[in-house]
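Since the structure comes first, as structure tokens, the remarks are kept for the end.
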Amino acid sequence: MKDHFYSQHAGPLRAELGAAISREQMRALHQKSAARHLLIAARQFAILGLATWILIRFENPLIWIPVAIVQGFTVFNFTVLLHEVVHHAIFERRRAFAERLLGFLYAVPSGISASQFTRWHLDHHAELGSDEEDPKRAHLSPKKNKRWYKLLYCTPALFPIYFRAARAESSNYPAELQSRIAFERKVSIVFHLSALAALWYFFGFYAALRTSIIPVFFVFPIAFTLNRLGQHYDIDPDDPAKWGTLMRGSWFWDFVFLNSNYHLEHHYFPGVPFYRLPQLQDALRPFYERKQMRWRTYGELVYGWLVENQKPHTNWAATAAGKAAGKEEVTVPH
């Protein structure tokens, strides 16, 4: 049983957020458009198909390497579409069969179980801020604050790391849910192995390498890790309003990550569809100013994560200030 850690600590925050946005704005931001969602999903499948064709057709590394990067990020973004299913953010009214179907279609390209992702992610929302109950923080965040270990998350090592974390968390799930997760995971694995085998058989090993192995095993981990850096790694543990990282929106990252870079806003209002999150951030700017919250970019986070070797789920500004003060104290003659 979980303790709903976030609800226990976010009462005053919810009152502040309720006062920060009018009811009219709230209704507009929560309005869902299935047509808009499905159009974006169709675009992602089209990008996947076009990238696959290019990667089969062209052997020139100046062409296939950037396209493989696009392919890997596109595969990752199916988890963002699955995330919309989890929060019932597609249809105005819940449609169980359609949501299950879409959940399956979005989970397979990224090789995960829709049921496992759903339970994992909802627990993450409910237990945000807890070192033990939030499954992401408890099982997936690096426990060794070593640069070499952090870099493993950007390599194929991410997959055993992730599945070990998922297995540790799911061991406490009901037996029926565990069986469903195991079945869905097998379906995803069979799909990927079959696709890889077909590509290898019909187009050769190097085509399979370009279209599947490199995008999935070498680009996807980078997309996954970079996205996670913008979620809950640079935070203020003492203020629930700052338990997420405030990322500065940009047209580039909005497109690359399908607006999942607005993760803080998503935790504030999980029912807002991903295509309305930029407007939500704009509406919350006065709130951010009052709370004196820091805007971050992915470049700054990568620097803090790997160069400064900051710890996850800590206040990086306070840590950096403490180190600077320590250096000044050492250099001052006594």
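The values are calculated or read from the model by the stated rules, or taken from the named source; none is laboratory data. None of the values given here were measured: they were computed from a predicted structure. Note that we place each Cβ from the backbone using ideal geometry, even for glycine, and neighbour counts take in every protein chain shown.
Checked against (1) in a helix (DSSP H, G or I); (2) over 20 Å from residue 123 (Cα atoms); (3) not basic (Lys, Arg), residue 85 passes all but condition (2). Note on the stretch 270-307: among residues that are of a type in the set (A, V, I, L, M) and in contact with a Lys or Arg (Cβ under 7 Å, 6 or more places away or on another chain), the one that is nearest to residue 34 (Cα to Cα) is 293.
In the stretch 48-74, the residues that are closer than 12 Å to residue 211 by Cβ form Cβ pairs under 6 Å with partners that are not β-branched (Val, Ile, Thr) and not in a helix (DSSP H, G or I), at six or more places apart or across chains, as follows: 64/58. Report yes if some residue within the stretch 142-162 is surrounded by 20 or more Cβ atoms within 10 Å (Cβ to Cβ), of a type in the set (D, E, K, R) and either under 30 Å from residue 238 (Cβ atoms) or more than 17 Å from the chain's Cα centre (by Cα) (or both); otherwise report no. Checking the stretch 142-162: not a single residue is surrounded by 20 or more Cβ atoms within 10 Å (Cβ to Cβ), of a type in the set (D, E, K, R) and either under 30 Å from residue 238 (Cβ atoms) or more than 17 Å from the chain's Cα centre (by Cα) (or both).
Applying the condition of being in contact with a Pro (Cβ under 8 Å, 6 or more places away or on another chain) and in a loop (DSSP other than H, G, I, E, B) to the stretch 263-317 and asking which residue is farthest from residue 241 (Cα to Cα) yields 312. For the stretch 264-280, a residue qualifies if it is without any contact (Cβ under 8 Å) to a residue 40 or more places away in the chain and either within 14 Å of residue 77 (Cβ to Cβ) or crowded, with 20+ Cβ neighbours inside 10 Å (or both), and the qualifying residues are 264, 265, 266, 277. Candidates in the stretch 52-83 are the residues that are more than 14 Å from the chain's Cα centre (by Cα) and surrounded by 23 or more Cβ atoms within 10 Å (Cβ to Cβ); of these, the one that is farthest from residue 101 (Cα to Cα) is 64. So, in the stretch 184-210, how many residues would count as being touching a residue at least 60 places away in the same chain (Cβ under 8 Å) and of a type outside the set (A, V, I, L, M)? Total meeting the criteria: 8. Residues in the stretch 150-164 that are part of a helix (DSSP H, G or I), in contact with a helix residue (DSSP H, G or I) (Cβ under 9 Å, 6 or more places away or on another chain) and more than 16 Å from residue 229 (Cβ to Cβ): 159, 163, 164. Here residue 124 meets the list (1) touching a Lys or Arg at 6+ places or on another chain (Cβ under 7 Å); (2) farther than 28 Å from residue 215 by Cα almost entirely, failing just condition (2). Within the stretch 87-103, the set of residues being in contact with a Lys or Arg (Cβ under 9 Å, 6 or more places away or on another chain) and either among the acidic types (Asp, Glu) or closer than 30 Å to residue 218 by Cα (or both) comprises 92 only. Applying the set (1) out of contact with any Phe, Trp or Tyr (no Cβ under 9 Å at 6 or more places or on another chain); (2) at pLDDT below 95 to residue 179 leaves exactly one unmet item: (2).
Total residues in the stretch 13-43 satisfying the condition of being in contact (Cβ under 8 Å) with a residue 60 or more places away in the chain, under 28 Å from residue 105 (Cα atoms) and not charged (D, E, K, R): the figure is 7. Pairing residues of the stretch 137-149 that are within 14 Å of residue 308 (Cα to Cα) with residues that are at pLDDT 95 or above and part of a loop (DSSP other than H, G, I, E, B), at Cβ distances under 7 Å and at least 6 apart in sequence or on separate chains, gives 145/309; 145/311; 147/309.
Can you say whether residue 202 is part of a helix (DSSP H, G or I) and either in contact with a His (Cβ under 6 Å, 6 or more places away or on another chain) or at pLDDT below 95 (or both), as far as the supplied structure shows? In short, no. Return yes or no: is residue 93 more than 21 Å from residue 6 (Cα to Cα) and modelled with pLDDT under 95? It is true that residue 93 is more than 21 Å from residue 6 (Cα to Cα) and modelled with pLDDT under 95.
For the stretch 224-241, the tally of residues that are farther than 29 Å from residue 69 by Cα and in contact with an Asp or Glu (Cβ under 9 Å, 6 or more places away or on another chain) stands at 1.
Could you please let me know if residue 216 is of a type in the set (A, V, I, L, M) and touching a His at 6+ places or on another chain (Cβ under 8 Å)? So residue 216 passes the test. Of the residues 249, 244, the single one that is surrounded by fewer than 22 Cβ atoms within 10 Å (Cβ to Cβ) and in a loop (DSSP other than H, G, I, E, B) is 249.
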